[in-house]
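Note sheet for the following structure.
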């Protein structure tokens, strides 16, 4: 509609400026909308320090403009050239990344090879800098990565590079938004889809992930999604214990004393890892009072330990070890109950005791 | 007000049941048999054909579905002389092109497959075999087209006059050699962004197609001075030549071009940074017919070159001097004095321009009647004073002022007061219009009308 083009003639110039920044700065990381009150006759696009900024005065007008044009193109009222569509899409998705329809149009452009997949990955990483919890961005990244990995001539080095990039990006996104479920879930998918299967590389990767999630948990004690990721990593590690013959299982352990000899067999190794986990959690619970997430993680650890002990063939494990662990659990929980000054921390501890009595013991029997 | 018969009158009872509906239906079908339809009674077939000849593809296909008579007339070959399939793009695959070729046969003169990325050589071969009278073919952005298509065109379409293979990146010199052998009537050729094309292809084309008037080759960095010189010698009728981003060109090429092609009216040398004032002076010497000159990015040009150009090319209408950052107000003064027909002038990024130059422009001969577009973006010394000078340019339609930091909203408002139809492009946010005052249109539903 001709009216629309006259409403905001600067739109095309602003979109060109945005594209220019993407083209000239391959290490662009972040995008912000800068709140300003008035506006000068100056470009609203600001680029400094690998960050892109857009002044707030133009956001509404720009979005109305690109939205109108894209919808007209999509409904075939007025077709545009693919380069123009790509530019409009980038503008629209920077401002409002939650529009699945626009991400789908981008996918169509990638399919018809108008937009390179690597270029698109760089773009969506910048969008994540702006909205780190946007699930549409993660879904789109999964689609692009799947497509890139499925190509016939893909190098293993390239896949590794994508893997590292995804790990870095998910960590950034997780640090920008508390308890970022989408980011951690994406990380889990990356481990499943892009990681090397078996062999020394997988071991290295899992070790690195375990260590990283240990650091993360110590720094972000209330990040439920982070803890869930740690649980996933631990389960993957245990399944590798079963399949492989690790000579030195003590590599997996933290620097804490353990009741169980790790070298004995896979179940023992698992058990000792879990035991150490309990110790770490105890430390954290005492240091940072009032975090429910740590107590729930404790339940997971106890549950896993129970499974290991029950199904173990090794003589050293078994009911006696498990009972002693449960005993010390009760002691710990009661001590927290007594000593904690926070009311809800008492609540957590007493609920934990209840749980031990009513749920854990029953499943053991 | 006389109500058309098909809107039921309000007094009718609501539940007539099936028989009344059937009566309505019969009434409808009775009127619209071919021979009884008013349009077919009143207009002879030739006139209906003539009306159809103005329609586009979609409307023609819809008309073809109306009735048997219209089907025959709409699909008559006469209506399918010009076809543009841009709006269908990815939906157009080989089979569509082949069907069109068979349906239209020798009638088809103009076909545009711009944007139809799925079209392949084999379909175009069928097309070339069937439509031997094709005169204008647009294959812009048909990425799968290769040299084989041009070979087919050369073999089967001797009447081809205009060919556009913009962005068909698989095209190489072989295509141009084939075209030079088979399509001697070529007058308009566009090979932009076919970066495999080199001087040997261009030279072959020039040798075979002496009638070339329009040569557009944007973004072909392998086109060298020698190619342009051969083209200039062999095709002296050249009127339009576009060498945007053919970055290796030097003054020698321009000199040969100027000396041989005296009829040049449109010349684009944007993005050829090696050119100097010498090129402008040779153009001034020989090409007085020049009316459009685009030299964006030719940053070595100075006032001297433009002074020479302005003094002899009085027919100049459009000039793009973006990024010719050495020029000063002197250039504008020369243009104002000599080029009375100037309509579009772009001075983007010409950082030395001041209000004084604009003042001269606004009092020149071209200002009152002809000047329609003026681009002053990124000229930091331009202030509201320039806008006040431009009030006298009654036909000014668009002015670009991006990044001119000394321009204020007040200045723009004053300009708009004097020139109400002008489009001022700046970074100022548009003002949202106030909500419409006055009585809003009353809307009520039909039952309320009854009541």
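What follows draws every value from the coordinates through simple rules; no lab data is involved. These figures come from a predicted structure and were not determined experimentally. Heads up, the Cβs are rebuilt from the backbone with ideal geometry, glycines too, and the neighbour counts pull from every protein chain shown.
What the table below lists for this structure:
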item: Mean Cα-pair separation over length for chain A, i.e. relative contact order, pairs under 8 Å, 6 or more apart, %; result: 9
item: Protection proxy ranking of A:111-118, A:207-214 - average other beta-carbon atoms within 10 Å, highest first; result: A:207-214, A:111-118
item: Projected-area mean, segment B:108-191, by convex hull of Cα positions, square nanometres; result: 4.2
item: The protein assembly as shown, Cα convex hull volume normalised per residue, Å³; result: 295
item: Candidates A:42, A:83, A:133, ranked by Gaussian network fluctuation over chain A, Cα under 10 Å, top entry; result: A:42
item: Whole-Å distance, taken between Cα centres, linking segment B:73-95 and segment B:236-311; result: 40
item: Shielding score for B:260-267, defined as the mean number of other chain Cβ atoms within 10 Å; result: 0
item: Protection proxy ranking of B:310-318, B:41-49 - average other beta-carbon atoms within 10 Å, highest first; result: B:310-318, B:41-49
item: Convex hull volume of segment B:334-374 per residue (C-alpha atoms, cubic angstrom); result: 61
item: Helix B:329-338 axis, angle to chain B major axis (alpha carbon atoms, nearest 10°); result: 70
item: Distance (nanometres) between label positions extended 7 Å along Cα→Cβ at residue A:152 and residue B:196; result: 2.0
item: Shielding of B:421-430 by partner chains, average beta-carbon count, 10 Å; result: 6
item: Taking B:326, A:163 and counting other C-beta atoms within 10 Å, the order from fewest to most; result: B:326, A:163
item: For the protein assembly as shown, calculated [θ]222 nm from helices alone, where every DSSP H run of n ≥ 4 adds -39500 (n - 2.57); result: -16000 deg cm²/dmol
item: Contour excess over end-to-end distance, with Cα ends at residue B:252 and residue B:300 and 0.36 nm allotted per residue; result: 15.7 nm
item: Sequence-separation-based contact order of chain B, relative, with Cα cut under 8 Å and 6+ spacing, percent; result: 6
item: Segment B:23-179 - Kirkwood radius from inverse mean 1/r over Cα pairs (Å); result: 17.0
item: Partner chain coverage, peptide B:399-406 - average Cβ within 10 angstrom; result: 3
item: Tail beyond 43 Å, pair distance distribution of chain B (Cα, percent); result: 38
item: Principal-axis tilt of helix B:199-208 within chain B, Cα atoms, nearest 10 degrees; result: 70
